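Below is one structure; the comments refer to it alone.
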Amino acid sequence: MDLCRTLPDANATPWAREFIRHWRLSVVRASYAGWCSVLCVATLNTAWAQPPVPPEVSPEQLQQWLQQYPEADANQDGVLTRQEAETYRRQLAQRQKKPARGPQDDFRTEFTFAPMSDGVQIALAVAYPRGLERDAVEPSWPAMFEMMGYPDSTVPRSPRDFGNRYVTVRASVRGAGASGGAIQALSQQTARDGYEIIENWIVTQPWSNGKVALHGHSWGGLTGLMVAATNPPHLTAVAVSGLFDDIYRDIGRIGGIRNCGFPVDWMVNLYKPTGPFDSGEAALQSRGMTRAEYEAIVAGRPRWDLPGSLLWHALHSEEDIEAFAAASPGAFASGVRAPIHLMHAYQDEQTGPAGAWIWHSIPDDVPKRLVLSNGNHADVRRFHRERLRWLDYWTLREDAEAGAEFTDRARRVQIYFETPADSDRVNQPLVAADFPLPETQWTRYYLHENRQLLPDPPSSPAQAGDSFRVSVDQGDQMDGVYYLLDCGQSTAICGPLCVSLWVNCTTIDTDLFVALVDVAPDGIVQMLQRGLLRASHRKLDPNKSLWLVQDGESVLVRPRHTHRAPQPVVPGEPFLMEIEVCPVGHVFHAGHQLGLWISQPPQNDPVTRHGDGRPAYKYESGMPPGQVTILRDQGHASSILVPRLPRLPPLGREPLKPGAQSGIFVRPAPEASGAE
């Protein structure tokens, strides 16, 4: 395929470098983004006047583009999708229509190393904002710090992204890019490295004023949270996103069921011969290293500890173990003391939908903000300005209006509803002091015959229920049972849901998948959120579960399970499964119904999917064939606890049509299963 007809030709990169040198632009080494922009302007209406990225573009082609244009990877997951490539093509086409950047937009870059206390050298990519002279000795500049292992970490981040008010410092984690040491996905060693970079390198530079802000998303967000938990004295503020709470329960084995999709694919990429996610090859280009210099760095790294890696445990550890707990953000987030901004999208297809719970791990006396929205992993881009205002206020202390807002405890939580998929526009947020929202009306609805959800418990004394068959070749079919709640007028929900199911099955173990959906009058179904649980893992963990008091009674809001010492079920005997459904915010407009789907897990998760619709989470269920019955009688009152809001949140003038909200996919209504 001719790359010039979609993204700029890889062979043009050396030409772009010569172009920069010829015009003597005041940079030491241009970033990838700079190369693309210069090339875009120089070629006028050639490359970007071509047709869009074709639907049949190959994975190999996308990988080649990713290596040349890492900034096209919007969600920084190390995988370039067709949608991301097309979005980037349009962005560059738009830039082409604008005047070329002038010299005042240029920034100087530097590639160096920070020595750690154990002798390991961590590779840094630094960019200096306009106005900071090469030989400046006046300590008047704060730093913006980011640490991860993707190819992006080998390229300096433009100070323009932060208002030209910070020196940007990017660090490659151990074993990635040009850094020494052994790669580990998440480790306390990485946290200690971040601490040392801040305290022993950044603040000792002649330009540093001793203030360091920390930001990151996805891998960078998780690493940033770990670094923040070490409490570097010079850390002023934190903004992280794309997080998860518990690596076993939220990522590796959701409800005890192995997720063999995105997390496994991601960890496999840690051990690529070209460096994690090809970050080694990226470092070769960005730093101008020779192959021999890079291979010397690789040769000095310790051998991989594969049996001790998270990838190995994810593949072979069926129960929760200490290795998972040690790498779980919820276990160390309580150490954060710097003001912290958290953002998460409900339908995040990579780090999963449970990232909002980090809010509970951050001490309540720490200044903090939580931003939630429907959307996928890349939707953090919509909130860059908000995050930057947060970092600016706590670091620069100049914006009195921002200070009044960010120190107001009543405004700590900002929740956006109906964020569109095709626009960066967002509605005004619903503002609250805490999450789950204090004004939540926790409302229980019971499963009834005729697939109804009703506020009153069932009254039939005789055992009754609805059944479906478990098959070894289920695929992506959701052949189970479903129940509907007629909301009447428009109704909003926001928060987690708890599905309490009395179950009877003909085997000694089974897996359940529950989905919360919005059913439109024409039958179109919007997939809002989901939960999973293996029956043999049904034992509750009282320390991890969340209970709230309502009307004087303790109500289980977030069931969490021990995932230790699994116990079989007795065929033919009823048992209770308390299933966590992760937080979600949604408005069921008049005429729409709230739906609860129950089935065995589909192979591909229908809720958390990549932006282009590709499946992200894949479940390895493998339960024996048999029949599962969801009971709904007086002695076995199955129910769903719904977080209703007393009023509608701020919305646009017109409701978005099904499929128009970011992160929310649609599918046809399910087929009905039999009842007994």
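Using the structure shown, decide if Asp541 is in contact with a strand residue (DSSP E or B) (Cβ under 9 Å, 6 or more places away or on another chain), acidic (Asp, Glu) and at pLDDT below 95. So Asp541 fits the description; yes. The condition (being assigned to a strand (DSSP E or B) and either in contact with a helix residue (DSSP H, G or I) (Cβ under 9 Å, 6 or more places away or on another chain) or in contact (Cβ under 8 Å) with a residue 60 or more places away in the chain (or both)) is satisfied by just one residue among Ala182, Ala143: Ala143. Arg174 satisfies every condition listed in (1) at pLDDT 95 or above; (2) part of a helix (DSSP H, G or I) except (2). Taken together, the residues in segment 204-223 that are more than 14 Å from the chain's Cα centre (by Cα) and either in a loop (DSSP other than H, G, I, E, B) or in contact (Cβ under 8 Å) with a residue 12 or more places away in the chain (or both) amount to 11. Residues in segment 224-246 that are open to solvent by 30 Å² or more (accessible area, probe 1.4 Å), touching a residue at least 40 places away in the same chain (Cβ under 8 Å) and either of a type in the set (D, E, K, R) or out of contact with any helix residue (DSSP H, G or I) (no Cβ under 6 Å at 6 or more places or on another chain) (or both): Asn231 alone. Do the conditions hold for Arg249, that is, is it buried (at least 24 other Cβ atoms within 10 Å of the Cβ), more than 22 Å from Glu146 (Cα to Cα) and over 13 Å from the mean Cα position of the chain (by Cα)? Criteria met by Arg249. When residues in segment 470-493 are screened for being free of Cβ contacts under 8 Å to residues at least 40 places away in the same chain and either closer than 21 Å to Leu576 by Cα or part of a strand (DSSP E or B) (or both), 0 of them pass. The set of residues in segment 440-469 being closer than 21 Å to Val587 by Cβ, open to solvent by less than 50 Å² (accessible area, probe 1.4 Å) and either of a type outside the set (Val, Ile, Thr) or in a loop (DSSP other than H, G, I, E, B) (or both) consists of Thr440, Trp442, Tyr445, Leu453.
Residues of segment 390-422 that are open to solvent by 70 Å² or more (accessible area, probe 1.4 Å), basic (Lys, Arg) and modelled with pLDDT of 95 or more: Arg409, Arg411. Of the strands (runs of 3 or more DSSP E) lying entirely inside segment 494-588, those containing at least 2 residues that are β-branched (Val, Ile, Thr) and more than 18 Å from Gly626 (Cα to Cα) span 511-519, 553-558, 575-588. All conditions in (1) more than 24 Å from Ala520 (Cβ to Cβ); (2) modelled with pLDDT under 95; (3) open to solvent by less than 10 Å² (accessible area, probe 1.4 Å) hold for Thr608, with the sole exception of (1). Of the numbered criteria (1) modelled with pLDDT of 90 or more; (2) part of a helix (DSSP H, G or I); (3) over 26 Å from Phe113 (Cα atoms), the one Val264 fails is (1).
The values are calculated or read from the model by the stated rules, or taken from the named source; none is laboratory data. Everything numeric here is computed off the predicted structure, so don't read it as measured data. Ideal geometry is used to build each Cβ from the backbone, glycine not excepted, and the neighbour counts take in all protein chains shown. Please note that ligands, DNA and RNA were not included when accessible areas were found on the heavy atoms of the full protein model with its side chains. Shrake-Rupley method; radii C 1.70, N 1.55, O 1.52, S 1.80 Å.
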